[in-house]
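Structure first, then comments.
The values are calculated or read from the model by the stated rules, or taken from the named source; none is laboratory data. All values reported here derive from a predicted model rather than from experimental measurement. Backbone-built Cβ (ideal geometry, glycine too); neighbour counts: all protein chains shown. For accessibility, only protein heavy atoms count, side chains too; no ligands or nucleic acids. Shrake-Rupley method; radii C 1.70, N 1.55, O 1.52, S 1.80 Å.
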Amino acid sequence: MLTSNTDRPAKLHFMANGFRVLTPGDHVACAVSGERIGLEELRYWSVTRQEAYASAAIALRAMRGEG
């Protein structure tokens with residue numbers, strides 16, 4: 001039986017120039033806001049913290065320790 005990755009969170013490994021899908025899914029949650037981020041829209045993450053961020057402003061806040 002085939003299962004769909006729709007509406008299922010993915011588990012990712014973040015690298016400097018991209019990410020690797022460890023567990024298939026269609027989205028991840030922003031580490032700060034909890035906002036759902038589709039994998040096609042994911043642009044901001046921390047390699048060190050292995051966290052995804054919904055926007056550049058949220059990523060900056062997290063890096064400054066304001067998240």
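Side notes on the structure shown:
- Scanning segment 1-43 for residues that are of a type in the set (Val, Ile, Thr) and open to solvent by less than 70 Å² (accessible area, probe 1.4 Å) yields Thr23, Val28, Val32, Ile37.
- Filter result for Ser46 (polar (S, T, N, Q) and either modelled with pLDDT of 95 or more or surrounded by 10 or more Cβ atoms within 10 Å (Cβ to Cβ) (or both)): yes
- All of Ala52, Ala62, Ala56 fail the test of being in contact with an Asp or Glu (Cβ under 9 Å, 6 or more places away or on another chain) and open to solvent by less than 70 Å² (accessible area, probe 1.4 Å), apart from Ala62.
Here is a yes/no grid of residues against (1) part of a strand (DSSP E or B); (2) of a type in the set (A, V, I, L, M, F, W, C):
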position: Val21; (1), (2): yes, yes
position: Gly25; (1), (2): no, no
position: Val32; (1), (2): no, yes
position: Glu40; (1), (2): no, no
position: Arg61; (1), (2): no, no
